[in-house]
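Colleague: Provided herewith is a single structure, encoded as structure tokens, for subsequent inquiry.
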Amino acid sequence: MRGLYALSVFLMCAVAGASADDKDAYLFFERIQRRYETIADYQCRIDTYCTDGQSEEHRILNFYFKRPRLIRVDLLWGNMPFDNGSVGVFTGGDTITGHRGGILSPIIMTIPKKSTMATTLRGEAFDEIDMEAVLEKLFFYMGNGTVRIGEEGGFYRIVCVPLDAKENGGITKDIARFDRDTLTITGFQRYESGVLVQEAVWTDYIINAGLPDRLFDVKFDPKSLKREGILVLRQSL
């Protein structure tokens, strides 16, 4: 199940019989969910890193989201061939539409969202790196691990450790950061036996700008929204 309804059901079930620490985590996650429900659309810059143990992948992208679940990713820079200038659009289902960068940019394809052409080295599709997807990863720990919430600077820091890493895709620890004022996610790290295998940093949020559906067409140029008075992310690094 995906979406806010599924998250609500999951949380209500998980809190039954929970420890005091789990209940504190539940109340905190509930605050984040209520904030998330107020967001009709958002844009942000995401700096991502991951490794499969043999190779490393680093990408910087502009990320656009609109309810119910429209997602667009504009890849500004990456260390993999034809990363720079790639665009991908997800409008639901199991496919994405997009194109690679450089000389391949004229070729628009619709492919399974789990195709190696559209996923990270660790097999994650780009609809698995948004706020909702990260929240689902954290909600797993309700009843399945320990959750510790602290504050540092202007952020909440959440450290999650599973009871059984095998039930968590081999991940032995997740660390997430949320802005203390806006409750938007700003950082997420995943570890396997103390080794950082995945990291994302979210910056430059623009929330509820009124993104139109036509933005979620791979051929649409986000810069054109400025002429309509709609705030959009910078299109370069």
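Colleague: Here is a list: 183, 135. Which entry is touching a residue at least 60 places away in the same chain (Cβ under 8 Å), in contact with a Leu (Cβ under 7 Å, 6 or more places away or on another chain) and not assigned by TED's automatic domain parsing to the domain that holds residue 45?
Modeller: Residue meeting the stated conditions: 135.
Colleague: I'm checking my understanding of the structure. Among residues of segment 117-133 that are at negative phi and at pLDDT 90 or above, which one is surrounded by the most Cβ atoms within 10 Å (Cβ to Cβ)?
Modeller: 120
Colleague: I would also like to ask the following. Could you list, ordered by first residue, the pairs with Cβ atoms under 8 Å in which the first is in segment 156-171 and on the phi > 0 side of the Ramachandran plot and the second is part of a strand (DSSP E or B), at least 6 apart or interchain?
Modeller: 170/192
Colleague: Right, here's the next one. Return yes or no: is residue 221 free of Cβ contacts under 8 Å to residues at least 60 places away in the same chain, of a type in the set (D, E, K, R) and within 21 Å of residue 134 (Cβ to Cβ)?
Modeller: no
Colleague: Could I ask something else about it? Among the residues of segment 196-214, is there at least one that is modelled with pLDDT of 95 or more, buried (at least 16 other Cβ atoms within 10 Å of the Cβ) and part of a helix (DSSP H, G or I)?
Modeller: The answer is no; no qualifying residue exists.
Colleague: Of the conditions (1) at pLDDT 95 or above; (2) outside any loop (DSSP other than H, G, I, E, B), residue 171 fails just one. Which one is it?
Modeller: Evaluating residue 171 over (1) at pLDDT 95 or above; (2) outside any loop (DSSP other than H, G, I, E, B) leaves (2) as the failure.
Colleague: Please pick out the residue among 150, 88, 102 that is assigned by TED's automatic domain parsing to the domain that holds residue 22, at pLDDT 90 or above and either under 22 Å from residue 46 (Cβ atoms) or touching a strand residue (DSSP E or B) at 6+ places or on another chain (Cβ under 9 Å) (or both).
Modeller: Answer to the check: 150.
The values are calculated or read from the model by the stated rules, or taken from the named source; none is laboratory data. Only a predicted model underlies this, so the values are computations on that prediction, with no experimental measurement involved. Note that each Cβ is placed from the backbone with ideal geometry, even for glycine, and that neighbours are counted across all protein chains shown.
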